[in-house]
1. Less than 28 Å apart at the alpha-carbon level, and either on another chain or at least 8 residues along: which lysines does that give for A:LYS424?
2. Of the listed peptides A:277-283, A:314-320, what is their order by residue-averaged count of other C-beta atoms within 10 Å, with the highest listed first?
3. Using the crude model of +1 on Lys and Arg Cβ and -1 on Asp and Glu Cβ, and no other charge, please compute the dipole size for chain A relative to its Cα centre, in debye to 20.
4. Could you pull the copy-to-copy label distances for A:PRO261, with points set 7 Å along Cα to Cβ, in nm to one decimal and sorted shortest first?
5. Pairs of Cα atoms under 8 Å, at least six residues apart: use those to get the relative contact order of segment B:400-456, whole percent.
6. Averaged across the residues of B:8-16, what count of C-beta atoms belonging to other chains lies within 10 Å of each residue's C-beta?
7. Have a look at B:LEU258, B:ALA339, A:PRO503 and report the one farthest towards the positive end of the charge dipole of the protein assembly as shown, computed about the Cα centre with Cβ charges (Lys/Arg +1, Asp/Glu -1).
8. How big is the charge dipole of the protein assembly as shown about its Cα centre, in debye rounded to the nearest 20, if each Lys and Arg gets +1 on its Cβ and each Asp and Glu gets -1 on its Cβ?
Protein chains: 2
Amino acid sequence: MTFQVYDTTLRDGAQREGLSYSVVDKLAVARLLDDLGVGFIEGGWPGAVPKDTEFFQRARTELDLKHATLVAFGATRKAGVAVETDPQVRGLLDAETPAVALVAKADLRHVERALRTTAAENLAMIQDTVRHLVRQGRRVFVDGEHFFDGYRHDPAYTASVLEAALAAGAERFVLCDTNGGMLPSQVTAAITDVTARTGVAPELLGMHAQNDTACAVANTIAAVEAGVRHFQGTANGYGERPGNADLFAIVANLQLKLGLPVLPEGCLEQLVRVSHAIAEIANIAPDTHQAYVGAAAFAHKAGLHASAIKVDPLLYNHVDPSVVGNDMRILVTEMAGRASVELKSRELGLDLSGHPEALTTVTNRVKELEADGWSFEAADASFELLVRSELPDRAAPRPFALESYRVLVEHREDGAVVSEATVKIRVRGERVIATAEGNGPVNALDEALRVALVRHYPELRDFELADYKVRILEGSHGTGAVTRVLVETAGVGRDWTTVGVHPNVVEASWRALVDALTYGLSRARV
Amino acid sequence: MTFQVYDTTLRDGAQREGLSYSVVDKLAVARLLDDLGVGFIEGGWPGAVPKDTEFFQRARTELDLKHATLVAFGATRKAGVAVETDPQVRGLLDAETPAVALVAKADLRHVERALRTTAAENLAMIQDTVRHLVRQGRRVFVDGEHFFDGYRHDPAYTASVLEAALAAGAERFVLCDTNGGMLPSQVTAAITDVTARTGVAPELLGMHAQNDTACAVANTIAAVEAGVRHFQGTANGYGERPGNADLFAIVANLQLKLGLPVLPEGCLEQLVRVSHAIAEIANIAPDTHQAYVGAAAFAHKAGLHASAIKVDPLLYNHVDPSVVGNDMRILVTEMAGRASVELKSRELGLDLSGHPEALTTVTNRVKELEADGWSFEAADASFELLVRSELPDRAAPRPFALESYRVLVEHREDGAVVSEATVKIRVRGERVIATAEGNGPVNALDEALRVALVRHYPELRDFELADYKVRILEGSHGTGAVTRVLVETAGVGRDWTTVGVHPNVVEASWRALVDALTYGLSRARV
């Protein structure tokens, strides 16, 4: 039976403290997960969360998934209500996804104390809802919430929940370590016991681990070793409390350590790119020490054995870093860079294999800029401009030259807040001064620049500032603070992201805006 | 046989990229680890690293350890050299510690390619050095470097290394997963196999795991379950690449999940304090999502089940947070209801149970504000101000009234970028106008406000803008964009976070700044 790699970054992972995705973010994360080749993407709770309802609506036209099946998450019908009339269940069907995941209480104490209903009614709620959804043509997964704690407390009842869900037509029953307190040996024992008790094959079960014992990845591996073929996790382990199981470490371990091909051919090498891009979208600094994908995951303090490492790198790395898209780094003699710059450029349609000097220049420039806090992981357009600037026939023309700009924000006595920007630029030999207002300093600057440019570049009218993210970089208290801005621009049919770095947030934004317009105009003219 | 809890924060943990302890730091870390009750503290490599030589010298008079035995780390004698004349071995004895740990190559490939000596000479180096140190009255631990990879490659040779070390008088032979590539089931299989092959009892073995598969804690637990009674780890899992096994998660799991009393009575509740204090010394931001000890380790997005959590917290926590010195936290989110507002308020020391109208008002206000894009889950200080504003005797006084402010950012013709802010406010009946520059618009505004206030509130000098995060909220393309700003302020002994929301990023920042100062001043005056 094939493996089901089930991602819940957009639903359970969004429970992480401080994390909040926009609908556009969710669509972008889904595309990245699909690039990685996951089998299922749980997108949210339609009907209950308005943002998720919109996500599923837009997904129908805006998501063209190559690998993944979209899943709507929700609850079983309410106690004492007919499933056909339950509006929450209706919301799940209205999402029009091929599959639905239902959360079901698998611990009798939660049934009685949180749900405040009876053991029997809980089983009826599960069966009614599964049958109803299956009749409507949905594939149904049932998440057995608090399965492991419940099974320890009252194995007979928890087993009956599992049996009820599968008997009603659920495709898988997922064993959830909701409170995250399990250890691998305990997971193995529980799965062995419940499959013996019920006669249910482990292939019909799934695993959902949380990281409260720092064993979520290991618990998931233990379940797979016990025969489970469906596992849930999130990008970078994002999730409530210490987080969910890190789906990226799980798939890398299964493929590289146990030889189980859980992702489509050629996808695993996307791991670093997808991990870092999702971190940028979530506006969480990538964990440099994260297994497999962290910038330090294959970094060695060279010391005594530098030459041995160079000759025999695999004696010092548990896997070849390139198989997950990472690089080995020697902290004294930097060896990384060229390969990934070349790979990334090729991905953007720019072949550097015949331009070794350009490759060297770009690699060095990227290293310098990244040392200053730039990050190109989520800013393909800025990276592409950088590469093209080293290829004479491909360089993007600079649409204008800046003389100066000025931005003013006032909070007036009457409470009104106004922003105004003036730019002075040269466009095709002409000096242009333009002033515009905006809803904030960056918007005003963007507007003023457009006013100044639009006569020469009417295609600018099709570009829209779609998203804007700011991060103060680590270790930068007080006046030394460095700000990184990501600007996402929506054009005709596609979006692109650019980056700017500067101690001043307005200047950092300006740099990202200029890249955004330069890139958009060079594309519009192709 | 009792457990040996062996900490290597100060030696192997110091290999983490970017980490550097002073001697004073090392002494402070050792005291904290001793408070936690670890059995062994590996302090460094005397003779080889000058800072470590000094650490061991000062430790003799400045460290008064209650629980721990100090260990000096080093290598076996050089190939072809008599152990008595090897200066590196001399350095280990000069450290005058009760115990010494020796690193020994346990993988024949490393013996031949990195050490460039023979299989037999490697065994002789280990035996000579162990015997020499034992004769000098030292307890000796031998770290079998690359044990697991070596055992897979050539089990007979790797087993002979283990046997040689123990035969020469080593107290324990430590199985090191130096490259960190193991999974728990593989650890179990290797220990079962090597103990059967050699007849060595697992009690004579130790475990040292690295986190490259995100399984270091689980690998250590697996070794203990296989009978190993000595395990190594580091504070917070600091170490090279993805790090070492997190000693804190290991001891918490062993005590709380397997009922093994590995720390002295009463020590486990020091876990959070020791973890955070070591993070401060290491100058690494504590990981809020770390298992057991992170600030978010027991944080719940309350939502639907807040009332159930209130009645039965242990149904929602895998352990009682207080046993490791942590607290449960309820996050106020989009789905905030009365129960979660009440619970959160109580956590902040504000009892709303006797104020039903205030509770209603706060709950409604939170819902309104969250619908407008505010988020209190990461902004406890703004939430506290909101609650206190509804409790007449607890309301924080407003330190000033705003008349107007103005912020200017200029990119001048010479390329210089300057920010300047002017605020006009009323403080205690006086009208004050102040202007300041900053490295960006928000910093300038912050500075101008401080200049205006500092004569009336000198305690402001102790507050520092520690972090600043900006998010453009969803569904907010173009002019309707709403910006959310989080400001973290560092004060004497603690930090607090406030939130501001507005279409204009400067005004949103202003609101968060005003909350930050209001909160800080009301606390400073308590």
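1. Partners within reach: A:LYS469.
2. Working: A:277-283: 22.1, A:314-320: 18.7.
Top to bottom by mean Cβ count within 10 Å: A:277-283, A:314-320.
3. 400
4. Those separations, rounded to one decimal, come out as 5.4 nm.
5. It rounds to 30 percent for segment B:400-456.
6. Average neighbour count from other chains, rounded to a whole number: 1.
7. Ranked along the dipole, the leading option is A:PRO503.
8. Approximately 320 debye in magnitude.
Each value in this text was obtained by applying a stated rule to the coordinates, not by laboratory testing. All values reported here derive from a predicted model rather than from experimental measurement. A quick note on method: Cβ atoms are made from the backbone with ideal geometry, for glycine too, and the neighbour counts reach across all protein chains shown.
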